[in-house]
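S.K.: A single structure is presented below for examination.
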Amino acid sequence: MTDFPAPTGFPAQTGFPARAGLPTLIAVAHGTRSPDGRRQIERLAAAVARRRPGLDVRLCYVDVQEPKVADVVPTVRDAVVVPLLLSCGYHVRVDIADAVKSTHFPVTAPLGPDPVFLDSMRRNLPDADAVVLASAGSSDPLWVAGIREVAAQLSDSSGERSVRDAGGDGGQRVKDAGSDGRRLAVGAGGGDGRWAGNGRRRVELGYTSGSGPRVNDVVDRLRAEGARTVAVAAYLLAEGLFYRTLHSAGADSVTPPLCHEPAVADLVLQRFDSALLTTAGSRL
């Protein structure tokens, strides 16, 4: 049994024959030029295949690497497409949707947001005066809503929380209720972004691309405002250009890429199984 799949777009090598009648799992990653990042995603795909002997797992991409998802879809008769992505943004709604539009293949929700990633970041974050939740930037409304909710959840696991997006729009604030019914503020711009209660951690958003505030600028501002220790929670699945920039952003620590979390392979299979259940009638 090998540690990673055969060339991308071909079945992952696990030592088990493919099970007849079971749809192929087409795992769609973003793609990266980083050799380490490529190996990490390949290992994730192989881990998925090992957890489900007989499942045909095919790895492909929406950008940078080959084969593209549009090239792999026509090579299988039946499949479930699982985006190895952290939000429902452009690549899910356009690239992947276009690739399957002439098929009956269901496309699952992306891997994130999910408690698996939230738990991973919490476990790997050290004690710090402030945390920057770092992600790739996007103007897609669904993506923006998703990352803001991740920031809100990361800042508090019990209820009341306050998070600021440093790239806010002049003080607009969004109200929501915590798990214990108290009111919380997840804001853009307004307020100082600090905890309303004692001992709660300050979390702010920073981006590695797009028009939002860069991670290093957020770290610098937090230092200027008195934070002695700043940690970066990397909301990135694998190593690559974006992840490397986090280590030069001036923070005291950076959490590892999220694909290192063993539970991510199980999450991929959960997405696959969910699609099988919802399409069971059409497969009879």
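S.K.: Residues being crowded, with 20+ Cβ neighbours inside 10 Å and without any contact (Cβ under 8 Å) to a residue 24 or more places away in the chain: count how many of those fall in region 62-93.
M.R.: Selection size over region 62-93: 1.
S.K.: Filter region 117-154 down to residues that are within 22 Å of residue 217 (Cα to Cα) and basic (Lys, Arg), then give me how many there are.
M.R.: Total satisfying the criteria: 1.
S.K.: Which number in (1) in contact with a strand residue (DSSP E or B) (Cβ under 7 Å, 6 or more places away or on another chain); (2) surrounded by fewer than 19 Cβ atoms within 10 Å (Cβ to Cβ) marks the one condition that residue 101 misses?
M.R.: (1)
S.K.: Moving on to the next point. Look at region 234-259 and say how many of its residues are outside any loop (DSSP other than H, G, I, E, B) and more than 12 Å from the chain's Cα centre (by Cα). Full working, then the answer.
M.R.: Residues of region 234-259 that are outside any loop (DSSP other than H, G, I, E, B), as a first pass: 234, 241-246, 253-254, 258-259.
Subset that is more than 12 Å from the chain's Cα centre (by Cα): 241-246, 253-254.
Number of matching residues: 8.
S.K.: How many residues are in contact (Cβ under 8 Å) with a residue 40 or more places away in the chain and basic (Lys, Arg) when one looks only at region 94-103?
M.R.: Going through region 94-103 one residue at a time, the tally reaches 0.
S.K.: If I ask for residues that are out of contact with any Asp or Glu (no Cβ under 7 Å at 6 or more places or on another chain), surrounded by fewer than 18 Cβ atoms within 10 Å (Cβ to Cβ) and polar (S, T, N, Q), which ones from region 200-243 would you list?
M.R.: 209, 211
S.K.: Hey, another quick one. Taking the conditions exactly as written (part of a helix (DSSP H, G or I), closer than 16 Å to residue 236 by Cα and within 18 Å of the chain's Cα centre (by Cα)), does residue 38 satisfy them or not? Give the derivation first.
M.R.: Details: part of a helix (DSSP H, G or I): yes; closer than 16 Å to residue 236 by Cα: yes; within 18 Å of the chain's Cα centre (by Cα): yes.
Yes, satisfied.
Here is a yes/no grid of residues against (1) modelled with pLDDT of 85 or more; (2) surrounded by fewer than 19 Cβ atoms within 10 Å (Cβ to Cβ):
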{"position": "112", "(1), (2)": "yes, no"}
{"position": "119", "(1), (2)": "yes, yes"}
{"position": "126", "(1), (2)": "yes, yes"}
{"position": "131", "(1), (2)": "yes, no"}
{"position": "135", "(1), (2)": "yes, no"}
{"position": "142", "(1), (2)": "no, yes"}
{"position": "145", "(1), (2)": "yes, yes"}
{"position": "160", "(1), (2)": "no, no"}
{"position": "163", "(1), (2)": "no, no"}
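S.K.: Ok, one more. What's the number of the condition residue 106 fails, among (1) modelled with pLDDT of 95 or more; (2) surrounded by fewer than 17 Cβ atoms within 10 Å (Cβ to Cβ)?
M.R.: (2)
Matching residues to (1) touching a Pro at 6+ places or on another chain (Cβ under 8 Å); (2) over 21 Å from residue 261 (Cα atoms); (3) of a type outside the set (Lys, Arg):
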residue: 23; (1), (2), (3): no, yes, yes
residue: 28; (1), (2), (3): yes, no, yes
residue: 48; (1), (2), (3): no, no, yes
residue: 68; (1), (2), (3): no, yes, no
residue: 106; (1), (2), (3): no, yes, yes
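The values are calculated or read from the model by the stated rules, or taken from the named source; none is laboratory data. Everything numeric here is computed off the predicted structure, so don't read it as measured data. Ideal geometry is used to build each Cβ from the backbone, glycine not excepted, and the neighbour counts take in all protein chains shown.
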